[in-house]
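Have a look at the structure below before the remarks.
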Amino acid sequence: MNELGINESFIPFFGVLAVAIGILLLIPRTFFLGNMLNAISILLIMALALRSGNYKMALIEIPFLVMPLLMIWLKYPFKN
């Protein structure tokens with residue numbers, strides 16, 4: 001995280017956000033919001049990696065960006 005330019009004080013906030021996104025994904029009404037927040041957080045990581053010149057990390061994040069977008073397209077899986 002230090003390589004991306006993220007301060008030590010921001011790391012716990014990012015962890016709490018990741019847990020909150022995971023909880024949002026389990027609730028049918030907030031499934032879309034959870035996936036959008038997940039995609040935004042991945043885009044943030046990609047942007048920080050590109051800004052620091054770490055192109056390999058940004059390319060590694062592409063499949064992780066596709067997953068929430070694919071989940072939005074497939075709709076909520078636990079509905080039935």
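Laid out as a table, the results:
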item: Near pairs, Cβ below 7 angstrom, 6+ apart or cross-chain, from segment 7-33 (without any contact (Cβ under 8 Å) to a residue 12 or more places away in the chain) to any residue that is loosely packed, with under 13 Cβ neighbours inside 10 Å; result: Ile11/Met1
item: Per-region count, segment 1-59, residues surrounded by fewer than 11 Cβ atoms within 10 Å (Cβ to Cβ) and either among the basic types (Lys, Arg) or touching a His at 6+ places or on another chain (Cβ under 7 Å) (or both); result: 2
item: Residue in segment 24-38 that is of a type in the set (A, V, I, L, M, F, W, C), within 25 Å of Asn2 (Cβ to Cβ) and assigned to a helix (DSSP H, G or I) present; result: yes
item: Neighbours by Cβ (under 7 Å, 6+ apart or cross-chain): first from segment 52-72, free of Cβ contacts under 8 Å to residues at least 40 places away in the same chain; second open to solvent by 40 Å² or more (accessible area, probe 1.4 Å); result: Ala58/Leu50; Leu65/Leu43; Pro68/Asn38
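The values are calculated or read from the model by the stated rules, or taken from the named source; none is laboratory data. Quick caveat: nothing in here was measured; it's all calculated off a predicted structure. Here the Cβ is made from the backbone with ideal geometry for all residues, glycine too, and neighbour counts use every protein chain on show. For accessibility, only protein heavy atoms count, side chains too; no ligands or nucleic acids. Shrake-Rupley method; radii C 1.70, N 1.55, O 1.52, S 1.80 Å.
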